[in-house]
Amino acid sequence: MFRSSDDGSIRTGEDQYLAILQALSETKVYVVLVSKYSAHRPWLNFEVGFGKARNVRLFPVLVRDTRETDVPMPLAK
């Protein structure tokens, strides 16, 4: 499992952007925690769009009282 915020997923001194791209290109399933705030953040849409382009299984999990109507494309159905 890769989490960009986990110190075990990206080593100290490693290029963070390249590490994230590598992990995204190897991932088979995306479980995405989505709040009404994170749904509009560029990094989240970038990562989800990357997965959608690869036809990866995507499982958005709505957190912090987020409703489906709070979530735009590419996370929306």
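Inside the range 59-68, residues that are closer than 19 Å to residue 37 by Cβ and either in contact with a strand residue (DSSP E or B) (Cβ under 6 Å, 6 or more places away or on another chain) or among the hydroxyl-bearing types (Ser, Thr, Tyr) (or both) make up a count of 5.
Within the range 1-56, the residues that satisfy the criterion of being part of a helix (DSSP H, G or I), more than 15 Å from residue 73 (Cα to Cα) and either modelled with pLDDT under 85 or of a type in the set (S, T, N, Q) (or both) are 16, 22, 25.
The values are calculated or read from the model by the stated rules, or taken from the named source; none is laboratory data. The shown structure was predicted, so the numbers you read here are calculated from the model rather than taken from an experiment. Glycine also receives a Cβ, built like all others from the backbone with ideal geometry; neighbour counts cover every protein chain displayed.
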